[in-house]
Amino acid sequence: MRHAYPIAIRLVQSLALLVCVVVLNFLLIQLAPGDTVSVIVGEMGGASPETIAALKAEYGLDQSIPAQLGIYLGKVLTGDLGYSHYFNRPVLGLILERLPATILLVVTSLILAFVVGTALGIFSARRPKGILSHFVTVFSLAGFSAPVFWTGLMMLIVFASLIPLFPVSGMADVARPGQGLGYVLDVLHHLVLPAVTLGMIYVASYSRLSRTSMLDVLSADYIRTARAKGLPERRVVYKHALRNALLPVVTMVGMEFGQLFAGAVLVETVFNWPGLGRLAYESILRRDYPTLLAILLFSAMLVMVANILTDLAYRLIDPRIRGRGR
Amino acid sequence: MGDEPLLEVRDLVVEVDTGKTVLPVIDGVSFILAKGRTLGIVGESGCGKSMTALAVMQLLPPGFRIASGEIRFCGEDLARVGERRLRALRGNDMSMIFQEPMTSLNPVYTVGDQIGETLRLHQRLGAAAARQRTIELLRSVHIPAAERRVDDYPHQLSGGMRQRVMIAMALACRPKLIIADEPTTALDVTVQAQIFRLLEELREETGTAIILITHDVGAVAEMADEVAVFYAGKRAEFGPVDTVLSRAAHPYTRGLMASTPRLRLGPAAAGAEPALKEIAGVVPPLGEFEPGCRFSPRCPLADLRCRDVPPPEETVDRDHSALCWKTGLELVA
């Protein structure tokens, strides 16, 4: 396995980075005004100084910040992400319950954006002065400048309200049975609008990038070589040009994964999608710090996994990277 | 050796559309190449050599087009046969070796795949047969350990090796014509000699005709049967290689040879100056030519007529002609 060694290095680097992320997040939360106890006390409608002191001692907030950090790190390493005072249950369970919904949404949007975006880009690159090409330019500009929440609301108005093709919110119909093919189809039906909304901005970005990249590659010397061999045009484009043109797009996909996750917070809120993004939104509103910290940790992990996958994909597409991978 | 023409280019005009104006890059060029012969095309950069090659392959870059003239290959007019027929000819009956071996191979496929592709396409070979034949081809261009190199990617090979791969690719279907467009320009001098020797050897083995485009007058002297000297989109001189090189009729050809450091033919190099000569001035930009002879601003023999009236095609000798008013005059420098 010639990919194993460099990937192992990436894994070790990622783990070190993850520890840094945990520490940084913890310190950032420390900078924010108020703590868990003040939130609880606020919801209780006030409390005596003794009660507050007792609560602080219970949460370990009476100790020094380095000591608190030590305790937190130790717990995170053993898989204990704390207890959510708002949801009133362990954070880990809460997150694991929401994680699949977010992964489903993000991965679907990503695949949608990648496939549709590159297809649009490549078709338009083949006729740079054609109608499709102009459409892609205009569409990508629009898609790129429209904020995700606005696109989401427009989607809701048009495809859920005016033309009620898709459900307004949630991930599944409450009235439907919770298993079987019916359930899968129901979830897919609910998935369409959020996934399209989240994917839109990336369709725009990938179609633009792949169009430029393809135009660039089509004027390369090796494309002339391919034509000089007498290959039919579609083989020149889809065999010799496509793979080279995809390289910058794949890099972009990996780099933008973090942003995609940030976009998921907005989309999940607009569409009431029960994922990590909406959980993040709720925990910020409720100042549910343990939950928020855990979400930040998980999103950092997702971004790292995405980067490693990108690396792997890049190695598969480009043999030059493979050769240097030691 | 049959003298039946394999390729006949007549009054070829190639234009480029710059968006503002349309300028001729090649202006009325003609030549004939017989089966199994080698034609050398020499000239400075930008004089239309490569464009002539690409026009023959019908692979002109966007913006360039053949405005008039004929390109007959085995009797077929290539400008009129259509894309489908062209694809059947390209890589099969005529193939091309490009100047830049570093960028002319696709970086993401193995060399075996890229050579084998031609065989699978034109000769309908299966994967195993194509691979076997590819290894043979790599051996014939003297790539050591061909059975391992076949699975290498271009970046794993040196420039010389890549050019050998390009040659193997061009040879794959035993074409009737190979166009080598400055095949050694990007390579070391020692490797250049190897590549020329290889081309020579392969021509003897396969009997393919070659158009050798180069700056290297020495290589032309060794390899070519006929030579065409290009200047600013015109064919300045044309004829059998020994006549042209020993009794050059066009002042440009003489200047070109005087500025060649390692010319191997005797009489033309006589005089043996220690310092390398050069032709004064530069090729004028496209579209800014004199009304008369395009070489006149740089020509030591030019007079008023040269500047104002386009020179005629002057026959110097049998098969040897030059586009010049002064073919009779000896150059007194």
Extreme residue, positive dipole direction of chain B, given options B:L157, B:G75, B:A127 (C-beta unit charges):
B:A127
Evaluate the distance, in nm, between pseudo-label points positioned 7 Å from the Cα of B:E201 and of A:R10 along their respective Cα→Cβ axes.
4.4
Who wins for biggest fluctuation among B:T243, B:T18, B:T38 in a Gaussian network model of chain B, springs between alpha carbons below 10 Å?
B:T18
FRET E, pair A:T212, A:V158, Förster distance 35 Å, beta-carbon r, rounded to 0.05:
0.70
Per residue of A:229-239, count partner chain C-beta atoms within 10 Å of its C-beta, then hand back the mean as an integer.
5
Over all residues in B:107-119, what is the mean tally of Cβ atoms on other chains that come within 10 Å of each residue's Cβ?
4
Between A:S169 and B:Q132, what is the spin-label point distance in nm, taking each point 7 Å from the Cα along the Cα→C-beta axis?
7.0
What's the ranking of B:203-213, A:183-193 by average number of surrounding C-beta atoms within 10 Å, highest first?
B:203-213, A:183-193
I'd like the mean, over residues of B:92-101, of how many other protein chain beta carbons sit within 10 Å of each residue's own Cβ.
3
Lysine pairs within chain B, Cα separation less than 27 Å, 8 or more sequence positions apart or different chains:
13
What list of ³J(HN,Hα) couplings, whole Hz, do you get for segment B:302-307 from phi and the Karplus terms 6.51, -1.76, 1.60, once you set θ to phi - 60° and write x for glycine and proline?
5, 10, 4, 4, 4, 6
Between A:R320 and B:A280, the two model label points (7 Å from Cα along the beta-carbon direction) sit apart by a distance in nm of 4.6
Please give the peptides B:131-137, B:113-119 ranked by average Cβ packing (other Cβ atoms within 10 Å per residue), highest first, as a rough proxy for protection.
B:113-119, B:131-137
Just subtract the alpha-carbon distance of A:A32 and A:Q63 from 0.36 nm times their residue separation and send over the number in nm, one decimal.
9.4 nm
Just from its helices, what would the mean residue ellipticity at 222 nm be for the protein assembly as shown, if runs of 4 or more DSSP H residues each count -39500 (n - 2.57) and the sum is divided by every residue, rounded to the nearest 500 deg cm²/dmol?
-17000 deg cm²/dmol
Residue separation between A:L242 and A:L99 times 0.36 nm, minus their alpha-carbon distance, gives in nm 48.1 nm
How high is the relative contact order of chain A? Use alpha-carbon pairs under 8 Å, at least six apart in sequence, and give a whole percent.
27
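The numbers here are math on the coordinates, done by the rules we state, and not lab data. Just so we're clear, the structure is a prediction, and the values are computed from it rather than from any experiment. Counting neighbours? That spans all protein chains shown, and the Cβs are built from the backbone with ideal geometry, glycine included.
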